[in-house]
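For reference, the structure is listed below as structure tokens.
Bear in mind these aren't lab numbers, they're just calculated from the coordinates by the rules spelled out. Owing to the predicted nature of the structure, the values given are computational and were not obtained by experimental measurement. Glycine also receives a Cβ, built like all others from the backbone with ideal geometry; neighbour counts cover every protein chain displayed.
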Amino acid sequence: MFKPLNRYVLVKFEEKTHSPGGIQLPTPTHNAIVSGEIIETGEPSYDIFGKLLPINVAVGDTVYFERAKAVRLDPYQNKFLLLYESLIGKEEPLKPITA
């Protein structure tokens with residue numbers, strides 16, 4: 001398929017037009033925060049001191065991002081987006097608070 005370079009990730013994005021009950025949803029604005037699934041990740045990079053900077057997401061993770069910051073790879077279907085790894089937020093489970 002498509003292998004991103006450096007710290008880029010490939011995200012599968014599906015715009016929801018109807019709710020599960022069949023109600024038509026409003027079209028999100030261009031800079032709306034949307035979610036998607038990581039399909040492929042690029043290679044980790046190194047900083048100026050030679051330290052490895054790992055990628056913090058893995059294939060299959062659900063992530064959140066601004067749609068305006070993504071690069072569309074198929075402009076007619078709008079299913080796959082290319083994003084820089086630092087522009088996405090990852091959903092993680094909450095940790096219990098200990099006293």
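See the values below:
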quantity	calculated
In Hz, Karplus ³J(HN,Hα) per residue of region 49-65 (6.51, -1.76, 1.60; θ = phi - 60°; x = Gly, Pro)	9, x, 7, 6, 10, x, 7, 8, 10, 10, 4, x, 5, 8, 10, 10, 7
Of K69/K95; K3/K51; K12/K51; K3/K69, those spanning more than 28 Å from alpha-carbon to alpha-carbon	K69/K95; K12/K51
K79 long-range amide H proximity, modeled H, under 5 Å	D74
Residue order, fewest to most surrounding Cβ atoms within 10 angstrom, among T41, T62, T98	T98, T62, T41
GluC sites (Glu not before Pro) within region 44-99, DSSP loop, no more than 14 other Cβ atoms inside 10 Å	E91
